[in-house]
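Only one structure is covered here, and it is reproduced in the block below.
The values are calculated or read from the model by the stated rules, or taken from the named source; none is laboratory data. Treat the numbers as computed from the prediction; the structure is a model and nothing was measured. We place every Cβ from the backbone using ideal geometry, glycine too, and count neighbours over all the protein chains shown. Ligands, DNA and RNA are stripped out before the accessible areas are found, and what is left, the full protein with its side chains, is counted by its heavy atoms. Shrake-Rupley method; radii C 1.70, N 1.55, O 1.52, S 1.80 Å.
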Amino acid sequence: MKKILIIGIGAGDPRQVTVEAIEALNQVDVFFFLEKGAIKQEMVALRHRMLRRYVKDRPYRIVEAPSPPREHAPTDYLSSVDRLNRDKQAAFARMIDGALAEGQCGGILAWGDPALYDSTIRNVAAIAARSAQKLEYEVIPGISSVQTLAARHRITLNRIGQPITITTGRRLKEGWPDKADSIVVMLDGEETYNRFADQDIEIFWGAYLGTPDEILIAGRLKEVVDQINDLRRSAREKHGWIMDTYLMRKAGRL
Ligand SMILES: C[S@@+](CC[C@H](N)C(=O)[O-])C[C@H]1O[C@@H](n2cnc3c(N)ncnc32)[C@H](O)[C@@H]1O
């Protein structure tokens, strides 16, 4: 029997690592990292710092493999994500086969919460289903970038009795989601909020949440849109990458 713990480690602030996650980190013999190249070096370094800070009870090893390449501008998005996940599963399976002995515990760290726009759970479930040996897995929840965004702006995600829609920049391009009240947008590399700048909408935007580089902007979209665009572009140029999340809703009600 081998065991894998999929551990949510929060959006970037080491203080967001929960007691449950720290206990889980201290059960792990081997951590498996898929590295995404130079662009996310800061996030990789942060993960190493978190391990040094929290793992006290036992020695551990880190096994790394390069993350399989992602297709840019694929014509069929879902098939390209499927292919990427199959490649990631193969990379994880090779690491687990090669580095985790029977009876040992492996750990995979997921930014934020592993249940939100993250394929680790799906990938590990697929590996476990195919594995000739018995592979158990558990999920430890984390504080997501969405919760961090709401806390930093001191807002609730939903208005009273209303739903929240969590979606991606790609889906938002199709228009404001039907009957949606508050929408939280993730994975938006294309500043899709600009499409709504002529409407009376409030935005609560956050980048690098939980890290020392955190940026927050809130206000009427038409009044702050240029500021968000400028800050977003200059931050992206400075760091080489950006991770941002935002909430938008029609202005006016509580
Ligand atoms: C692959 S998803 C992972 C989400 C993660 N599982 C979570 O719970 O936050 C990556 C997206 O999450 C958001 N995100 C993750 N970390 C963030 C951070 N520190 N600051 C702002 N947005 C973040 C961005 O929208 C980014 O495009």
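Here are the numbers:
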{"read-out": "Sparse-neighbour loop sites [chymotrypsin sites (Phe, Trp or Tyr not before Pro); segment 1-41; at most 15 other C-beta within 10 Å; DSSP]", "value": "none"}
{"read-out": "Accessible surface of the chain, 1.4 Å probe, proportion on carbon and sulfur as whole %", "value": "50 percent"}
{"read-out": "Extension gain from Asp230 to Ala151, taking 0.36 nm per residue of separation minus the Cα-Cα distance", "value": "26.1 nm"}
{"read-out": "Label-point separation, Asp213 to Asn158 (7 Å along Cα→Cβ), nm", "value": "3.4 nm"}
{"read-out": "Stretchable slack from Arg122 to Arg61, in nm (0.36 nm times residue separation minus alpha-carbon distance)", "value": "19.6 nm"}
{"read-out": "Span-like helix ranges in the chain, DSSP H, alpha carbon extent 18 angstrom or more, Kyte mean at least -1.0", "value": "41-54, 77-99"}
{"read-out": "Listed residues Ile166, Gln199, Val139: farthest to the positive end of the dipole of segment 118-209 (Cβ charges)", "value": "Val139"}
{"read-out": "Net lengthening on full extension, Val44/Thr168 (0.36 nm per residue, minus Cα-Cα)", "value": "42.2 nm"}
{"read-out": "DSSP beta bridge pairing in the chain, given as percent antiparallel to the nearest 5", "value": "40 percent"}
{"read-out": "Per-residue [θ]222 nm for the chain (sum of -39500 (n - 2.57) over DSSP H runs n ≥ 4, rounded to 500)", "value": "-10500 deg cm²/dmol"}
{"read-out": "Considering only segment 2-140, percent of DSSP beta bridges that pair antiparallel, nearest 5", "value": "5 percent"}
{"read-out": "Segment 184-251 and segment 28-87: distance between their alpha carbon centers, rounded to Å", "value": "25 Å"}
{"read-out": "Those lysines that a straight Cα-Cα span of less than 23 Å connects to Lys179, excepting residues fewer than 8 apart in one chain", "value": "Lys222, Lys250"}
{"read-out": "Normalised contact order of the chain, rounded percent, pairs of Cα under 8 Å and 6 or more residues apart", "value": "23 percent"}
